[in-house]
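Below is one structure; the comments refer to it alone.
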Amino acid sequence: MSKEDLELLKLMRFWLFGTFAIVFAAITGYIGMFTGGDWWLAITAGFQIWGITAAACILWLVGYTAYLKRKSARNTEQAPTGA
């Protein structure tokens, strides 16, 4: 992968982690409003949503990494040979 692709991958990791952190905080806070301040109940109730979000973020990252590697390989194949 090129240096530009690695920078794009780092940026994607940052955004996916941020997305997961926001979903974690929002869901925990929202569920916590209805559990009467019992935050452990709010955390246990949010496991399914967090699992789905975590799985989606991981799948997106794996897919994006594969896309960047494939794009890089394609560009290497099509690079003109100097003459």
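Since every read-out is calculated from the coordinates, none of them should be taken as a lab result. The structure presented is a predicted model; accordingly, all values stated were derived computationally and were not measured. Note that we place each Cβ from the backbone using ideal geometry, even for glycine, and neighbour counts take in every protein chain shown.
Taking a point 7 Å out from the Cα of W60 in the direction of its Cβ, the residues of segment 1-26 whose backbone N falls within less than 20 Å of it are 5-26.
Counting only aspartates and glutamates at least 8 places from K69 when in the same chain, those with an alpha carbon closer than 14 Å to its own are E4, D5, E7, E77. P(r) tail, the chain: Cα-Cα pairs separated by more than 14 Å, 70% of all pairs. Among F17, F24, sorting on how many other beta-carbon atoms sit within 10 Å of each Cβ, with the fewest leading, yields F17, F24. Relative to the dominant Cα principal axis of the chain, helix 3-33 is inclined by about 10°. Relative to the longest principal axis of the Cα atoms of the chain, helix 47-78 runs at roughly 10 degrees.
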